[in-house]
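Comments concern the structure below.
The values are calculated or read from the model by the stated rules, or taken from the named source; none is laboratory data. Note that the coordinates shown come from a computational prediction; the quantities given were computed from them, not determined experimentally. Virtual Cβ from ideal backbone geometry, glycine too; neighbours counted across all protein chains shown. Just the protein is used for accessible areas: all its heavy atoms, side chains included, with ligands, DNA and RNA removed. Shrake-Rupley method; radii C 1.70, N 1.55, O 1.52, S 1.80 Å.
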Amino acid sequence: MKEKPFAITLDVGSSLANRTGAWRTERPEYVHRLPPCNGACPAGENIQQWLFHAESGDYESAWRELMRDNPLPAVMGRICYHPCEAACNRVQVDDAVGINAVECFLGDEAIRHGWTLEAPQATSGKRVLVIGSGPAGLSAAYHLRLLGHEVTIREAQDRPGGMMRYGIPRYRLPREVLEAEIDRVLALGIALELGARVDDVLAAQRDGGFDAVFLAVGAGIGRRAYIPAGDSARILDAVTLLGGMEGEGPPLLGRKVAVYGGGNTAMDAARTARRLGATDAVVVYRRTRDRMPAHDEEVTEALEEGVRMKWLSTIKHADGGRITIERMELDETGFPQPTGEFEELDADTVVLALGQDSDLSLVEDVPDLAVDHGTVQVADGLMTGHPGVFAGGDMVPAERTATVAVGHGKKAARHIDAYLRGTSYRPGPKHDPAAFDRLNTWYYADAPASVRPRLELARRVSTFDEVVQGLDESTALFEARRCMSCGNCFECDNCYGVCPDNAITKLGPGKGFAIDLDYCKGCGLCVAECPSGAMDMIPEE
Amino acid sequence: MNAAQQVKFYQVGSLAAGNRLLAPELRSDQSDPDRSNALTCGHRACQGCGEALGARYVLDAAQRASGGNVIAVNATGCLEVFSTPYPETSWQLPWLHSLFGNAPAVASGVAAALRAKGRTDVRVVGQGGDGGTVDIGLGCLSGMFERNDDVLYVCYDNEAYMNTGVQRSGATPPTARTATTQAVGDAPGAPFGQGKSLPLIAMAHEIPYVATATVAGLRDLEAKVHRAMGMRGARYLHVLVPCPLGWGTPSHDTVRIARLAEQSGLFPVFEALDGEVTAVTKIRRRVPVEEYLRPQKRYAHLFTPEVRTDVIARLQRAADRNIARFELAEEVLP
Ligand SMILES: Cc1cc2nc3c(=O)[nH]c(=O)nc-3n(C[C@H](O)[C@H](O)[C@H](O)COP(=O)(O)OP(=O)(O)OC[C@H]3O[C@@H](n4cnc5c(N)ncnc54)[C@H](O)[C@@H]3O)c2cc1C
Ligand SMILES: Cc1ncc(C[n+]2csc(CCOP(=O)(O)OP(=O)(O)O)c2C)c(N)n1
Ligand code: SF4
Ligand code: SF4
Ligand code: SF4
Ligand SMILES: [Mg+2]
């Protein structure tokens with residue numbers, strides 16, 4: 001027996017001998033959940049993860065994480081309608097995280113610093129033809145190239161970009177930004193043939209010896225509605241107007257311009273008309289503001305710039321600098337009905353913004369390729385009925401946005417890659433959603449959203465300068481740090497701190513934590529106090 | 001404002017234990033992978049015990065503040081019983097236990113011995129439950145205060161004598177059900193108009209430092225331990241530590257319940273120097289007392305068979321009084 005100090009008669013032991021883990025009926029575990037922002041991003045960006053990098057000021061890592069899914073962050077940071085923000089859990093605390101603004105900041109940083117990607121050798125020996133250089137085509141080409149294939153893009157126009165160039169006005173998307181991002185994609189070693197309209201896809205595939213084709217021809221034909229008009233009426237469609245802005249001289253519209261339609265294209269047409277000198281730009285739309293397909297932000301910006309709105313109106317006749325409009329009334333189903341009340345309005349030009357159709361002549365003779373309601377039908381993997389011919393973007397049935405197009409490009413690339421390798425692509429299982437009620441928001445400091453500065457109004461109606469400006473570095477950092485990291489550990493150490501039994505071990509930065517089941521009593525405090533909902537309790541067997 | 005709060009960090013503010021973006025010295029002691037774990041694993045406290053958690057928070061911080069030179073003196077109570085059943089101990093620091101009611105006197109004695117030996121580097125922490133502190137140990141504690149002995153005394157307040165089966169103490173709040181204040185009769189639970197606030201009694205001694213805290217405010221609690229350890233003389237810290245067993249709350253709710261006690265105004269969190277309140281922790285997300293009471297079985301009789309709106313209103317008035325008296329409400333800017 002060991003010699004003991006004076007007056008000590010008993011040996012002491014440590015309570016470590018007492019394995020209190022035996023009391024447990026449930027155990028904690030670390031999990032990953034799908035943040036709602038990620039779930040809502042049409043391009044499938046891992047937003048929470050790139051914000052995680054941005055929060056530490058490591059913008060390059062953030063950008064690289066973003067680039068895994070989307071090759072056009074500076075463009076997206078300007079024109080994406082950011083469904084991620086509508087889904088963001090922080091909406092329920094104060095305001096959504098300014099995801100789109102941070103994305104724009106990262107995109108601009110990349111351009112400023114000239115960050116580039118290494119392209120792997122085109123080792124697969126397979127060649128893919130991409131038809132169309134809009135966001136869908138560019139995204140597919142980018143991802144296919146990174147997967148090791150040789151890619152050629154054929155574009156009918158004499159500049160690449162699709163509707164990002166020939167639709168979206170420069171005051172929303174400066175062309176230097178667009179050029180920089182397209183150039184970076186092409187620099188991966190993608191061949192771009194301009195002024196190279198494809199008239200017969202199978203002939204082009206055969207003649208060029210391509211192993212697969214991705215169709216991304218968009219929807220570039222402005223829809224015309226029949227409006228009884230006199231000889232002197234000047235009527236053109238919005239796509240022609242906006243596309244004309246990229247030509248030599250800007251289109252002549254006159255002082256008074258009526259734009260017919262209620263979508264984003266109508267807003268762009270009216271705002272462009274204002275900038276071309278129209279003193280009066282009126283949007284004529286048959287329903288009410290809340291039923292307009294145009295995004296609220298765009299309507300607000302148009303109104304700020306002096307665009308007038310005529311809700312509940314249809315154009316009945318146009319001639320000699322005047323139009324006749326009929327007032328409408330919504331019936332119980334919300335459908336507009338004519339009232340028989342008419343009004344006259346001055347209009348030197350009528351611009352039709354009634355939607356766009358695809359020119360599908362290039363697929364007319366493709367066996368098993370189905371066209372329905374003017375769109376090409378595709379299966380889950382974006383392949384048409386004709387093996388090896390895939391399609392995406394505006395020409396297939398889906399929401400028509402640039403971000404959806406980018407997402408299609410990525411998805412198609414993965415399926416084309418599998419097709420070329422003679423396998424099939426199966427996406428990994430999705431994590432369960434990181435619902436708001438899993439968060440413990442107490443731990444997030446109060447931090448109201450930052451607002452992106454706007455160009456002063458006088459310059460907005462007289463120039464095509466960019467209206468919505470970027471965030472500076474400190475504001476972008478602040479905004480990134482508002483993210484709550486929904487469903488994914490961000491190393492706040494709460495679980496480690498709050499365990500009354502010291503049953504959690506901290507493994508170091510980026511390595512997470514381990515639970516010592518010898519001592520964990522299964523109280524659940526770590527799970528309850530995890531701010532981000534990155535832990536679950538599961539029953540013991 | 002502590003240093004961590006001055007850092008412009010909005011992801012978790014300074015409220016979580018750690019923060020990968022803060023310099024390590026600005027993070028909490030509890031987030032340190034090498035924290036001392038004064039109370040280590042294998043103790044026999046209930047699942048989710050607030051007292052076990054609070055004691056580790058306090059003693060790890062005290063050890064950090066004094067280079068590891070702390071002797072703890074413990075009163076009888078859960079904290080003593082669950083940590084030291086023979087032959088095991090969970091304490092990883094010198095630790096003494098004598099009786100239920102004499103911990104402050106023993107702590108004074110240890111401090112005197114250290115003074116006699118010239119060991120001013122070694123610091124003394126006395127600790128006990130609310131029964132040991134506000135009731136049976138009060139005479140010894142008052143003596144320790146009035147002599148200004150160099151001891152930090154910490155009361156872990158779980159609002160009853162838990163170790164012996166949840167009997168009422170002088171810190172049991174009105175209407176709470178305990179084994180000795182049953183939920184029967186016209187005025188069920190502990191009576192209104194009895195009990196005492198030991199922080200205010202301590203302040204009446206005009207000792208250098210008195211503070212309250214809860215296990216829901218780790219950063220605040222650690223800052224107070226560090227401040228107290230930076231001073232000499234008699235210091236008193238009163239920490240609210242919910243007890244899942246005695247309060248009838250789920251084990252995972254311990255921290256949430258402490259937070260609700262603070263946010264309802266029922267447990268004011270403040271700091272006093274030389275008998276004057278010098279700082280309070282403002283309520284950040286104010287809640288009605290009902291939100292605090294309802295999840296606890298010790299208040300179940302306020303909600304079944306019928307909701308006792310009269311009694312709840314009276315408790316709300318007590319919370320409102322705290323909020324007015326300690327100025328707990330966030331200032332509304334004009
Ligand atoms: C005015 C306007 C504003 C918009 N604003 C936004 C916005 O702010 N945010 C947003 O997300 N979306 C916006 N959109 C929608 C978005 O631009 C489209 O959804 C997106 O560009 C579709 O991408 P895509 O690649 O499918 O087609 P497109 O961008 O239309 O590109 C198709 C390309 O294929 C080429 N092509 C066509 N036929 C052939 C052929 N036979 N051979 C070779 N090349 C061919 C075309 O010249 C074109 O370059 C807007 C659209 C318009 C019209
Ligand atoms: C003089 C004396 N009376 C009674 C007891 C029995 N006893 C042991 S612990 C305890 C209650 C402790 O209550 P509290 O101080 O609030 O600590 P808790 O267990 O609630 O943490 C009692 C009454 C005792 N040990 N000594
Ligand atoms: S808080 Fe962050 S992770 Fe959560 S939804 Fe918003 S951006 Fe995504
Ligand atoms: S806090 Fe500790 S004891 Fe409780 S469940 Fe988590 S790891 Fe287990
Ligand atoms: S409590 Fe913090 S450190 Fe622990 S899992 Fe949750 S986010 Fe990660
Ligand atoms: Mg007690």
Looking only at segment A:147-173, count every residue that is aliphatic (A, V, I, L, M) and either in contact with a Leu (Cβ under 7 Å, 6 or more places away or on another chain) or within 16 Å of ligand 3 (Cβ to nearest atom) (or both) and tell me the total. 3
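Condition check ((1) out of contact with any Asp or Glu (no Cβ under 6 Å at 6 or more places or on another chain); (2) of a type in the set (Val, Ile, Thr)) across all residues:
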position	(1), (2)
A:375	yes, yes
A:378	yes, yes
A:382	yes, no
A:385	no, no
A:390	yes, no
A:393	yes, no
A:398	yes, no
A:404	yes, yes
A:415	yes, no
Those residues of segment A:419-445 which are open to solvent by less than 10 Å² (accessible area, probe 1.4 Å) and more than 14 Å from chain B (Cβ to nearest Cβ) amount to A:434
Checking residue A:477 against (1) modelled with pLDDT of 95 or more; (2) open to solvent by less than 60 Å² (accessible area, probe 1.4 Å); (3) more than 8 Å from every other protein chain (Cβ to nearest Cβ), which test does it fail? (1)
If you go through A:125, A:161, A:114, the only one that is modelled with pLDDT under 95 and at positive phi is A:125
Show the residue pairs that are 6+ apart or on different chains and have beta-carbon atoms under 6 Å apart, the first residue being within segment B:240-256 and open to solvent by 20 Å² or more (accessible area, probe 1.4 Å), the second being part of a helix (DSSP H, G or I) and among the hydrophobic types (A, V, I, L, M, F, W, C). B:252/A:525; B:252/A:528
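Condition first: part of a strand (DSSP E or B) and open to solvent by less than 20 Å² (accessible area, probe 1.4 Å). Now tell me which residues in segment A:280-297 satisfy that.
The first filter runs over segment A:280-297 and keeps only residues part of a strand (DSSP E or B), leaving A:280-284.
Of everything in segment A:280-297, those that are part of a strand (DSSP E or B) and open to solvent by less than 20 Å² (accessible area, probe 1.4 Å) turn out to be A:281, A:282, A:283, A:284.
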Residue A:224 outside any loop (DSSP other than H, G, I, E, B) and open to solvent by 20 Å² or more (accessible area, probe 1.4 Å): no
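Yes or no, residue by residue, for (1) crowded, with 22+ Cβ neighbours inside 10 Å; (2) more than 9 Å from chain A (Cβ to nearest Cβ); (3) assigned to a loop (DSSP other than H, G, I, E, B):
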position	(1), (2), (3)
B:45	yes, no, yes
B:57	yes, no, no
B:60	yes, yes, no
B:63	yes, yes, no
B:96	no, yes, no
Residue B:164: passes all of (1) in contact with a Lys or Arg (Cβ under 9 Å, 6 or more places away or on another chain); (2) farther than 20 Å from residue B:274 by Cβ; (3) within 16 Å of ligand 2 (Cβ to nearest atom); (4) of a type in the set (Ser, Thr, Tyr) but (1)
So how many residues does segment B:211-256 have that are in a helix (DSSP H, G or I), within 17 Å of the chain's Cα centre (by Cα) and hydroxyl-bearing (Ser, Thr, Tyr)? 1
So the helices (runs of 4 or more DSSP H) completely within segment A:27-142 holding 2 or more residues that are closer than 28 Å to residue A:443 by Cα are A:36-40, A:47-55, A:59-67, A:83-87, A:99-113
Residues being open to solvent by 10 Å² or more (accessible area, probe 1.4 Å), touching a Ser or Thr at 6+ places or on another chain (Cβ under 9 Å) and more than 23 Å from residue A:122 (Cα to Cα): count how many of those fall in segment A:199-221. 6
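List the helices (runs of 4 or more DSSP H) inside segment A:426-518, counting only whole elements, that have at least 1 residues being within 30 Å of residue B:82 (Cβ to Cβ) and within 16 Å of ligand 5 (Cβ to nearest atom).
Per the criteria, A:494-498.
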Picking from A:372, A:365, which residue would you name as being open to solvent by 50 Å² or more (accessible area, probe 1.4 Å), at pLDDT below 95 and acidic (Asp, Glu)? A:365
Out of B:157, B:135, report the one residue that is touching a strand residue (DSSP E or B) at 6+ places or on another chain (Cβ under 9 Å) and either among the hydrophobic types (A, V, I, L, M, F, W, C) or open to solvent by 40 Å² or more (accessible area, probe 1.4 Å) (or both). B:135
Restricting attention to segment A:242-259, does a residue exist that is within 24 Å of residue A:81 (Cα to Cα) and either assigned to a helix (DSSP H, G or I) or outside the structural domain of residue A:323 (by TED's automatic domain parsing) (or both)? yes
Among the residues of segment B:267-292 satisfying the criterion of being within 19 Å of the chain's Cα centre (by Cα) and without any contact (Cβ under 8 Å) to a residue 40 or more places away in the chain, which is nearest to residue B:208 (Cα to Cα)? B:278
Among residues belonging to segment A:505-537 that are β-branched (Val, Ile, Thr) and either surrounded by fewer than 20 Cβ atoms within 10 Å (Cβ to Cβ) or more than 22 Å from residue B:241 (Cβ to Cβ) (or both), point out the one that is nearest to the other protein chains (Cβ to nearest Cβ). A:505
Among the residues of segment B:19-30, are any more than 10 Å from every other protein chain (Cβ to nearest Cβ), assigned to a loop (DSSP other than H, G, I, E, B) and at pLDDT below 95? yes
